[in-house]
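Please treat every number below as a calculation from the coordinates, not as lab data. All values derive from a computational prediction rather than experimental measurement. Virtual Cβ from ideal backbone geometry, glycine too; neighbours counted across all protein chains shown.
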């Protein structure tokens, strides 16, 4: 029987090509991303472990405030360092300081990663080699107050070396330094992706943090002392509000979020591999269904000469297994190639990874391969059962007609799936949070499955409707193409369904993205009365002087600076905004519902209506809050504002600049955004020029008008969407391979018919046109159904998003994009048909007629 | 009917105008030791308005001769003409057009496009040419084949005999200069076969159609006006006004 299987594969190896390609692509994608993910994860773990090699304990403030830039803690007194050094078992201890800075070139332009890339950090240089992960490759440590050490990559980017001058923008203002040396961070050329400037200890404290304070204290223990033991000894000696943790804990806290991100990101991307494999299953099913159909006589002959049903079943399954295994193994190999390519690509974009061999986790390579083999065998199961059901007598008669398209079971199963999909959708609308998304996701999968099951029942009518214009346009070839598209409704609709899935997902994303963009535009327009907005290029923010300089311009009526920091209210994390009440109210419509922002002064706070409701606050109430520099404070509520959703989300608790600055370190007393209102009777163009002239003194600051702000935000959405499209492209590509596959199989199957058509006078061009038109009909049917499903679920997703995130408020249907999708699908249909059409047109007429 | 009573001209009489002819037609497959001469310098003509049968044992070259004259295959040397058109000088596109507009085909099996109805199959060559069918002629052909009430049926809903009748109707509908039939009754029972053959003969006598039929069945050949006998790629004999018995005798001699 095995011989039969092997010979069978050999005789129609070309017909299995599409199946193999689909599996190789899906498995390759999954393996490649897993491989790169694992390598990234282990590389970073190793890098962190290496860097913190001799770090045995860390002493720091106990309280942490979460923020988008990682946890923030109060700084601790430099005097604690001496206390720590006195603890028995401590071999070395050093205070560390860290903040954002910006390196500026001769022309005043910032050097380093673009605004969305890793930031530039300012650090203090630690002399003790046991606690210093930096190694000088050139020059000396920064021992003078006007010297700095920079990382190797920054040195290269800025074109500086020891002795050269470098301008560094600090929280306290820009200053000129002499480069004393260039260093590497462990094995890396820069600070794990970020740039770094290292200062002398006292300079670092004053310029980056607060005088006589450290961010934390790094401790190395004596040889032979256990980390836990060291922490146990340190703990009782520390002042209140200070804690000691082991080096391992600290490393894990630093590396953990990185790892978590990589793991989640890998899983997210891997999900698209699963979608691709799911789509691939449709192709596999089709291929085996056709192969079994074409081999009915051969299978019957096997039965005649004594093969049992289970042997026939086994032979088809064995063939699927073999094809699956071969393709999966090739897919794993392709995965290695993909991972290597992606690593080069990342390096080209500046995300150089530590030089390291790929981390091969057997299971992460095995599961995509096993899954692919499983999908292959499972997809071949129904055709295999059909093969086993072939009666021996079929060897002598005509091949059985495929009646699977009209079975009642199909209708019942399809309707059940539709019902489940509707039920899950409704459940999604009723449930909340993550559950809602899972429900709707489940509903979407059911809808796709329902399409595949019900497809054969509606394929005929749909093809007829879509074929009507073709028939009118091209006459008999259009007629033949339409008839061909509907003659095997099961096969055609499965092919179309594969495309439906890809297109459906694309449409869901397009609708969500368009709604997000529209919501952003609406919200920004509603929030800002500002004419211009000035933004910095990094977390370093802008000096408060910038707003004052801008307001001093006669072209500018108001320049309102906004500062952001994490804060705690009644022990819960939330966001604090610092404003100048009189200026801010000019540019932002706060929509105050109670109290007045004019009363915002020392020890008072304004609260968004949503947060007021959440914490049960009203005007006059006293609120316990905690700030990064000063810790616990009590403020009084002076105003509650409604604003709009965007404002509600970004500004929750609002204080004036004095209160903000009094409770935050100098590094935080900087504006993340300045909103400008231009003077009346000023030319916007001239005003903008004047603003930009002032900004030349503030490297990295950029002015944007309202259109540019919304365009910038929309561009962020577009980038995310482009990324998702790129990932979905795989599924669409596999679906198109499915179309090629179906057409090729049809050309094989209809060889005699094509020969006949050619004999009675069909030209090659007409044959080509016929195959291409069939392809277009299939592609457009699949796409239209996909657009319909996508629109339904896009609307559902919008409902969920609107409920969960207040940022999405406006439903928007990207009509042009949807039309473009259908047109593109038709073009893709033409493209998919090129090869099969050429094969069909090239058939030798006599050979084709003679074919059995 | 007067036509049926007119005696056929004797085989030796000077031939009437020719619908198609072959001159020194030679077809060689392979080379060297494996060389096979399927046609070996065949010269013959097919007169207009007559029903010619080509007979011969398996491998005699009868199908090859038909394929070459019908523009489905090309010659190694020699020339074939349909009317005055030399096929050897035509390109692929012109050959296709020739088949569509000037030649009709009836094959042994699988004559019809399964996705088209009987009527659509009949008008296929006309549709392919982008022309409107001649409705009067079409009605006449349809009536003659007796399929008027089956025109909307798909081939799978027709019997074997009905399918072959549709195939003949298709060949006739385009009013080709010549129809080639390759074992048209090979897959049919004798009654259905007789129907088709009688129908073809009537088409020749009543509509003046030219038909060339390849067959190995002496009974089928008896319906023709003239039989050409092929053996080893050469024309070895011909017979006018054949009867089944005479043809059978002749074949027996050839077999010796």
- Item | Stretchable slack from residue A:765 to residue A:164, in nm (0.36 nm times residue separation minus alpha-carbon distance) | 209.2 nm
- With an 8 Å cut-off on Cα pairs and a minimum separation of 6 or more residues, tell me the relative contact order of segment B:52-183 in percent. 33
- Message: If packing is taken as the average count of other Cβ atoms within 10 Å, what order do A:131-137, B:81-87 fall into, highest mean first?
- Response: A:131-137, B:81-87
- Query: So what's the angle, to the nearest 10 degrees on a 0 to 90 scale, between helix A:489-527 and the longest Cα principal axis of chain A?
  - Reply: 20
- Task: In Å and from the alpha-carbon atoms only, list the Rg and Dmax of segment A:54-255.
- Result: 17.0, 53
- Query: Given a cut-off of under 8 Å on Cα pairs at least six residues apart, what relative contact order in percent is computed for segment A:537-700?
  - Reply: 35
- Task: Average the reciprocal distances over every distinct pair of alpha-carbons in segment A:489-550, invert the result, and give the Kirkwood radius in Å.
- Result: 16.3
- Residue among B:43, B:52, B:123 with the largest mean-square fluctuation in a Gaussian network model of chain B, springs linking Cα atoms under 10 Å: B:43
- Query: What do you get for Rg/Rh of segment A:8-104 when both radii come from the Cα atoms and Rh is the Kirkwood radius?
  - Reply: 1.35
- Item | P(r), alpha carbons of segment B:160-256 - 10 Å bins starting at zero, rounded % | 15, 48, 30, 7, 0
- Which ordering of A:125, A:363 is given by a fewest-first count of other beta-carbon atoms within 10 Å? A:363, A:125
- In nm, what is the difference between 0.36 nm times the number of residues separating residue A:294 and residue A:62 and their Cα-Cα distance? 76.2 nm
- Item | Sequence-separation-based contact order of chain B, relative, with Cα cut under 8 Å and 6+ spacing, percent | 27
- Query: What fraction of the Cα pairs in chain A, stated in percent, has a spacing above 55 angstrom?
  - Reply: 28
- For peptide A:760-769, the mean count of other chain Cβ atoms within 10 Å per residue Cβ is 6
- Viscosity 1.002 mPa s, 20 °C: Kirkwood-radius Stokes-Einstein D of segment B:149-197 over Cα pairs, µm²/s: 185
- P(r) histogram, all alpha-carbon pairs of segment A:69-189 included - 5 Å bins from 0, percent: 2, 9, 18, 22, 19, 15, 9, 4, 2, 0, 0
- Item | Simple label model, 7 Å out from Cα along Cβ direction - residue A:260 to residue B:236, nm | 9.4
- Task: Per residue of B:106-116, count partner chain C-beta atoms within 10 Å of its C-beta, then hand back the mean as an integer.
- Result: 5
- Dividing the alpha-carbon radius of gyration of chain B by 2.2 N^0.38 Å, where N counts its residues, gives 0.99
- Item | By average C-beta atoms within 10 angstrom, highest first, the peptides A:616-625, A:841-850 | A:841-850, A:616-625
- Message: Need one number: convex hull volume per residue for segment A:547-586, Cα atoms only, in Å³.
- Response: 63
- Note on the structure: Log entry: pair-distance distribution for segment A:787-837, C-alpha pairs binned every 10 Å from zero, whole % per bin is 22, 34, 24, 14, 6, 0
- Query: What ranking do B:131-139, A:556-564, A:26-34, A:165-173 get when scored by the average of other Cβ atoms within 10 Å per residue, highest first?
  - Reply: A:26-34, A:556-564, A:165-173, B:131-139
- Kindly provide the Kirkwood hydrodynamic radius of segment B:95-188 in Å, to one decimal, from all pairs of distinct alpha carbon atoms. 13.1
- First obtain the Kirkwood hydrodynamic radius of segment B:48-157 from its Cα pairs, then insert it into the Stokes-Einstein equation at 37 °C and 0.692 mPa s, and state the resulting D in µm² per second as a whole number. 201
- Message: Using helices alone, I'd like the mean residue ellipticity at 222 nm for chain A: each DSSP H run of four-plus residues gives -39500 (n - 2.57), total over residue count, nearest 500.
- Response: -20000 deg cm²/dmol
- Task: Would you please state which residues of segment A:674-706 a label at residue A:552 would reach in this model, taking the label point 7 Å out along Cα→Cβ and a backbone N cut-off of under 17 Å?
- Result: A:690-699
- Task: Ignore the peptide's own chain and count Cβ atoms of other chains within 10 Å of each Cβ in B:61-68; give me the average, rounded.
- Result: 1
- Task: Just need the Rg to Rh number for segment A:162-287, please, alpha carbons only, Kirkwood Rh.
- Result: 1.19
- Task: Calculate the spin-label point distance for residue A:340 paired with residue A:426, positioning each point 7 Å from the Cα along the beta-carbon direction, and give it in nanometres.
- Result: 5.6
- Note on the structure: Check: C-alpha center segment B:50-109 vs C-alpha center segment A:515-581, spacing in Å is 86
- Task: Normalise the Cα radius of gyration of segment A:537-700 by 2.2 N^0.38 Å (N = residues in it) and let me know the number.
- Result: 1.07
- Note on the structure: Here segment A:438-484 gives, from Cα atoms, an Rg and Dmax in Å of 15.5, 48
- Query: Roughly speaking, what % of Cα-Cα pairs in segment A:644-801 are separated by over 20 Å, rounded to a whole number?
  - Reply: 75
- Task: Could you tell me how many degrees, from 0 to 90 and to the nearest 10, lie between the Cα long axis of helix B:92-102 and the main elongation axis, the longest principal axis, of the Cα atoms of chain B?
- Result: 60
- For segment A:286-328 versus segment B:119-151, the gap between their alpha-carbon centres in whole angstrom: 43
- Value at 222 nm in deg cm²/dmol, rounded to 500, when DSSP H runs of n ≥ 4 in chain B each add -39,500 (n - 2.57): -10000 deg cm²/dmol
